[in-house]
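See below for the structure under consideration.
The values are calculated or read from the model by the stated rules, or taken from the named source; none is laboratory data. This is a predicted model, so every value here is computed, not measured. Note: ideal-geometry Cβ built from the backbone for every residue, glycine included; neighbour counts use all protein chains shown.
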Amino acid sequence: MILAALAILLAGAGLSARIGGALRIPVAAAFGLGAWSAVYAFALLLGVPLFAAEIALAIAGALLLAQAASRKPQAVSAPVPAWLWLFFASSCALATAVIVEHTLRFPDGGYDAWMIWNARARFLVRAADWRTAFSPDLLFWLHTDYPWLLPGVVAQAFALLHTESPAVPAVISWIFGALTVAVLTLALARLRGLCWGLLGGLALATTPCFATFSANQQSDVPLGVF
């Protein structure tokens, strides 16, 4: 677990090294999780031990971090009214409450979660041969041609935590939802100032389908981060 965390942190930090300011934090988290899932896929495809792939990922991230050019100082943003902070924080809290409530009622998520992503993750964890997860004998609507990003993260979390609790993919989905809001907010703040950043985050967090998609563990949310 420590090696996995180190690989995620160093890979994320290295891949986001040229991004300055607070935007770097959610971007690093997204890149780190994505790279972790990618090396998991490569390790299985090439027959390389996973720990070796994670060590290589950590080293690559450290090298990118060391080679990154120095960043320019960020411009100071205009003052933000207190009411905008309040509305933004309230909308994020409300979206989180909706996700929690929906997850408690439907712990396995929506159709895409239990039929595609989490089913693939369980095949990767349980099967003696990982190729079983992509067998042509599986039902068509399991979509074995879909990418590894989400099931790769979920499968490794299952293996590291030694549990296939529905809470694991639910928390991962919430993390990607939070990263989506953070990336949008901080990217807009970087381009147009903090007021516009908070307004953009507010618009996303209050979009009704956003909280529902996050609770349903749909891949549209992590895709939106990138």
Q: Can you confirm whether the stretch 59-81 contains a residue that is at pLDDT below 90 and surrounded by 20 or more Cβ atoms within 10 Å (Cβ to Cβ)?
A: yes
Q.
Among (1) at pLDDT below 90; (2) under 24 Å from Ile2 (Cβ atoms), there is one condition Ile175 misses while meeting the rest; what is its number?
A. (1)
Q. Which one of these does Ile55 not meet: (1) modelled with pLDDT under 90; (2) assigned to a helix (DSSP H, G or I); (3) among the aliphatic types (A, V, I, L, M)?
A. (1)
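Considering Arg131, Arg105, which residue is modelled with pLDDT of 90 or more, basic (Lys, Arg) and over 18 Å from the mean Cα position of the chain (by Cα)?
Values: Arg131 fails: modelled with pLDDT of 90 or more.
It is Arg105.
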Q) Of the numbered conditions (1) within 30 Å of Trp85 (Cα to Cα); (2) in contact (Cβ under 8 Å) with a residue 60 or more places away in the chain; (3) not small (Gly, Ala, Ser), Leu150 satisfies every one except a single condition; which is it? A) (1)
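For the stretch 148-164, which positions are exposed (fewer than 13 other Cβ atoms within 10 Å of the Cβ) and not β-branched (Val, Ile, Thr)? Can you show your working first?
Initially, the stretch 148-164 is screened for residues exposed (fewer than 13 other Cβ atoms within 10 Å of the Cβ), giving 161-163.
Correct list: Leu161, His162.
Within the bounds of the stretch 109-116, is there any residue that is over 21 Å from the mean Cα position of the chain (by Cα), surrounded by 15 or more Cβ atoms within 10 Å (Cβ to Cβ) and in contact (Cβ under 8 Å) with a residue 12 or more places away in the chain?
Going residue by residue through the stretch 109-116, those that are over 21 Å from the mean Cα position of the chain (by Cα) are none.
Looking through the stretch 109-116, none of the residues is over 21 Å from the mean Cα position of the chain (by Cα), surrounded by 15 or more Cβ atoms within 10 Å (Cβ to Cβ) and in contact (Cβ under 8 Å) with a residue 12 or more places away in the chain.
Quick test for you: out of Leu184, Leu194, Leu139, Leu202, pick the one residue that is under 26 Å from Phe87 (Cα atoms), surrounded by fewer than 22 Cβ atoms within 10 Å (Cβ to Cβ), free of Cβ contacts under 8 Å to residues at least 24 places away in the same chain and not β-branched (Val, Ile, Thr). Give the derivation first.
Numbers: Leu194 fails: free of Cβ contacts under 8 Å to residues at least 24 places away in the same chain; Leu139 fails: under 26 Å from Phe87 (Cα atoms); Leu202 fails: free of Cβ contacts under 8 Å to residues at least 24 places away in the same chain.
Testing whether each residue is under 26 Å from Phe87 (Cα atoms), surrounded by fewer than 22 Cβ atoms within 10 Å (Cβ to Cβ), free of Cβ contacts under 8 Å to residues at least 24 places away in the same chain and not β-branched (Val, Ile, Thr) leaves just Leu184.
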Q.
Return the pair list, or none, for Cβ contacts closer than 7 Å from residues in the stretch 1-24 that are assigned to a helix (DSSP H, G or I) to residues that are charged (D, E, K, R), at least 6 apart or on different chains.
A. Leu3/Glu54; Ala4/Glu54; Ala7/Glu54
(Q) What are the pairs with Cβ atoms under 7 angstrom where one residue, in the stretch 78-92, is of a type outside the set (A, V, I, L, M, F, W, C) and the other, located anywhere, is in a helix (DSSP H, G or I) and surrounded by 10 or more Cβ atoms within 10 Å (Cβ to Cβ)? Sequence gap at least six, or different chains. (A) Ser91/Leu202; Ser91/Ala205
